[in-house]
Amino acid sequence: MNLIKRNTVPFPSIIDEFLKPDFFGGIQNFGANVPAVNIRESETEFAVELAAPGKRKEDFIIDLDDNVLTISSETKTDNEQKDEKGKYTRREFSYSSFKRSFSLPETVNEDEIKASYENGVLHVTMPKKEEALPKPKRMIEIG
């Protein structure tokens, strides 16, 4: 008996787009504790806001490789209590990590990307290249 796979999806390109690894911001560890993200575009820049309360700016790693911006974090806490003989009476470990990836458009000026962390929100601003900015309205003379 032979099994034949048939493509019955009416719009395979749309389905393929939804299944790309960077769709929804490249959520790694889906279902885990992944911070929420807002993405905003203005005439001059793109902005990513990532909600990560309780972290420090040193906890984040932001890198850019081949037009893919990756934001990741890994934190480890070790709360331990020992008695007078040095034996553990209680020891609690806590690990948390996440990784989000975003495909950047060609219009982003990669050399001018900046990030800041304030009030539990990581802000990443990505200015657009000069040629991608809207041009002012001008009058054209009729010759």
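List of remarks:
- Neighbour counts of C-beta atoms inside 10 Å place Lys129, Lys114, Lys135 in the sequence Lys135, Lys114, Lys129, starting with the fewest.
- Nonlocal amide H pairs with Leu104, under 5 Å, H built at 1.01 Å: Val68, Leu69
- The amide H of Lys129, built 1.01 Å from its N in the peptide plane, has Val108, Asn109 as neighbours under 5 Å, considering only residues 5 or more places off or on other chains.
- Coupling constants for segment 100-109 follow from the phi torsions by the Karplus curve (6.51 cos²θ - 1.76 cosθ + 1.60, θ = phi - 60°), and in residue order they are 10, 10, 9, 7, 8, x, 5, 7, 7, 7 Hz; glycine and proline get x.
- Counted by neighbouring Cβ atoms within 10 Å, the residues Val121, Val37 run from fewest to most as Val121, Val37.
Just so you know, all these numbers are worked out from the coordinates, no wet-lab data involved. Predicted, not measured: the structure shown is a model, and the values here were computed from it. Ideal geometry is used to build each Cβ from the backbone, glycine not excepted, and the neighbour counts take in all protein chains shown.
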